[in-house]
Each structure stands twice: as structure tokens, then as C-alpha cells.
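The structure appears below as C-alpha cells.
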Amino acid sequence: MKLLRAPRALLASGCLLAVLVGAGVAAERSSASMTSAATLFLGSLTPEQRQQATFAFAAVDRMRWNFIPTEMFPRKGLTLKLMTEVQRAKAHGLLKTGLSQRGYMTATAIMDLETTLGAIERSAHDAGQNAESFPRNPGDYYFSVFGTPSAKESWGWRVEGHHVSLRFTVVNGTVDVGSPSFFGSNPAEVRDGPKKGLRILAHEEDPARALVMALDSSQRAKAIIQNVAPGEIVTTNKVDINPLSPVGITANDLTAKERDLLMQVIDAYTSAMASDIEADRTSRIQKAGVDKIAFAWAGELERGKKHYYRIQGPTFLIEFDNTQNDGNHIHSVWRDFAGDFGRDLLREHLKSVAH
């Protein structure tokens, strides 16, 4: 099972120059790929569909985000279910430009899981268990483009629906770090039926548990911040966030093996992104200082039980919560304190234009 790629080794060795050079080259390639894919996607739409899918770059909706069902959080954009097969293929082509192969497979597996969730809920409802039920449809994922895809102008795109929320911003030919980025899974583990045993977000869960289990008693006393996990990621869907309280154990207090496990957890999030976005995230982490990264755990340690963890560095925050549905429903998110919604790139671009 692949958990780690080159950037983790670069984090450990401090070879920041290689990361930065690679990120610059890849950023140009990825930006061109996104521009091309978005142009092809929009070009395949009818005028009515294009009106649904496109927005001004400055539209307020670009800053709205959530990970709950659309029935609870109305969304704008064009859904997959309203596209032709050719249009869906081009929409997926755009999605692939922002994600690695594993990230793309994760996103599409989460979308497909809606079918399984719908069957579970219908079965529970038929059994008189009063289960919450929404129309679960793998086609209920919204594609939106903000601004005009261009190598020179600022523009962005978003894919969002239940348990998938991804956005990317391109400023002057450079791709933003792509955050907030959210993946969820309900169920976290499919326990019955043809997909029994499927765990879409195992990459995000297992290394974190391995890390907390590897700690000695004094280290665990620092890392485990409470015995009961919070019922949701702490930052929920806030647009603006600040660093959470500095709790947990820092990388500086970990052994080499334990630090390697910490990097594996971080890699599960960075390596879901396209190579330039992964490299950008890695370089930011390195520049801010790996030793300052803190890992915190809450809740039970046994797999299948309610638990939560977060990893916080000077520039970023990861939150993972598996407490709903009796510990079988995951929410996970990556946030950038200064870079969410492309703010860093936009700020730098405005400064360069002013001068």
C-alpha cells in the first residue's frame, strides 16, 4: 500500500531546493493542463449549462464551501447527472488535473459510495430504525468555474458535493495550494454487501493510529488531549480560520521512527494532490519548520471506535474525525492558514502589480 512519495523524504532530509525547483516546473505544467481541461469542459456545454457552471472570479460563491448533503447546503454549479457522457468525461478530465491518481481514485470512490450509503439508509428505514435519508446519487456533484480559464488572468474551479470539496485557484499561471480540501466517507468501512471491507480513507486513518500506538506512556500523555473525541472537525466549514490551541506532541519530541509515521500521515493528504500542489505544500511545511508540527489525538485507540486527530504546523492544519455513526463516518480536511481560497497567490500578485 503506497503511503509515501518523494516529498516526504525531502521533508526529512531538508532538500528544499529540489522541492522548490520541481514545484516551479510542475506548477507551469499543471496550470496549463487545468486551463486546457477547463476550456474543453466549458466548450462542451450548452449555453444553458454554461450559465449554470460559470461565475465571475469575484463571485461570493467562490468562498462558500461545505461537505454536507446539498439538501442541507444548497450549491451552485452544474452536476454530473445533468451532463452527457462526453461532458462528464471532460469534467473528470478537469478533476484529474488537480489530483494525483490516488487522489482522483479517492474522490471518485467517495462519489460512488453514495450508492452504498443510499442502500444502507433504505434498509435501515425499512427496518423501522428511522434512519436519516437523502436522495443519494453519485451524480450530485457540482462543477463550477470562476472567471475565464487563462494563463494570465486569475481564475479558479471547484468540485463539491457530499463528502467531497475541492477547489483550485490559478493566478498568473501559478496553481494555488488547493484548499480547503475535504474528503469524507460514510461508511468509513463498508461492513456488508458486495463492497464489504472497503475503506476509502484508510491512508488517512491507519498511519495516525500507528503513530499514537508507537508512543511511550510519557509521549502519549502529551499526544492524547482528551479521552472523548469531538463530534465533528473543530473548524467545520468556516471560511476564515486561525491556528487551534497548541496541544499535542511536537515532531521535535518524536523518535526518527515516530517522525516517519507522522510524515506518512501528512503524505496521505499532500500526495492526494497533483504533483505541483503536493510540492508546494511540502515546501511550505519545510520552510516553516518540521519540528514545530504538533500531533494530537482524542478518543479511543481501537479501530472502529470513535476517534479524532489533528496535525498542526505553522502554516497548515489537518483534521480527521471519525465519530458519527458510532465511529464509522469520517470527515477529513486540509486547511492553509494564509492560503485558503488562493489568498497567498492573490496577495502576492496584487503586490507585484502595484510595483
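The values are calculated or read from the model by the stated rules, or taken from the named source; none is laboratory data. What you are looking at is a predicted structure, and each value in this text was computed from that prediction instead of being measured. Neighbour counts are summed over all protein chains in view; Cβ atoms, including those assigned to glycine, are modelled from backbone coordinates with ideal geometry.
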**OP:** Could you pull out the residue among Thr148, Thr169 that is among the β-branched types (Val, Ile, Thr), closer than 30 Å to Thr270 by Cβ and not in a strand (DSSP E or B)?
**Re:** Thr148
Subject >> Neighbours by Cβ (under 7 Å, 6+ apart or cross-chain): first from region 71-82, under 10 Å from Glu160 (Cα atoms) and among the β-branched types (Val, Ile, Thr); second modelled with pLDDT of 95 or more and crowded, with 18+ Cβ neighbours inside 10 Å >> reply: Thr79/Asp140; Thr79/Tyr141; Thr79/Tyr142
Original post:
Does Leu254 qualify as being touching an Asp or Glu at 6+ places or on another chain (Cβ under 8 Å) and more than 26 Å from Met63 (Cα to Cα)?
Top reply: no
Original post:
Any chance region 135-155 includes a residue that's aromatic (Phe, Trp, Tyr) and touching a Pro at 6+ places or on another chain (Cβ under 8 Å)?
Top reply: yes
Subject >> Hits in region 172-184 - residues which are crowded, with 24+ Cβ neighbours inside 10 Å and farther than 21 Å from Arg136 by Cα >> reply: Val175, Asp176, Val177, Gly178, Ser179, Ser181
Original post:
Right, Glu258: closer than 30 Å to Glu189 by Cα, out of contact with any strand residue (DSSP E or B) (no Cβ under 8 Å at 6 or more places or on another chain) and free of Cβ contacts under 8 Å to residues at least 12 places away in the same chain or not?
Top reply: no
**OP:** From Arg259, Arg281, grab the single residue that is within 17 Å of Arg310 (Cα to Cα), assigned to a helix (DSSP H, G or I) and modelled with pLDDT under 95.
**Re:** Arg281
Subject >> Residue that is surrounded by the fewest Cβ atoms within 10 Å (Cβ to Cβ), among those in region 309-339 that are in a helix (DSSP H, G or I) and in contact with a strand residue (DSSP E or B) (Cβ under 9 Å, 6 or more places away or on another chain) >> reply: Gln324
Original post:
Tell me, which residue of region 199-245 that is of a type in the set (Gly, Ala, Ser) and in contact with a Gly (Cβ under 9 Å, 6 or more places away or on another chain) is farthest from Ser332 (Cα to Cα)?
Top reply: Ala223
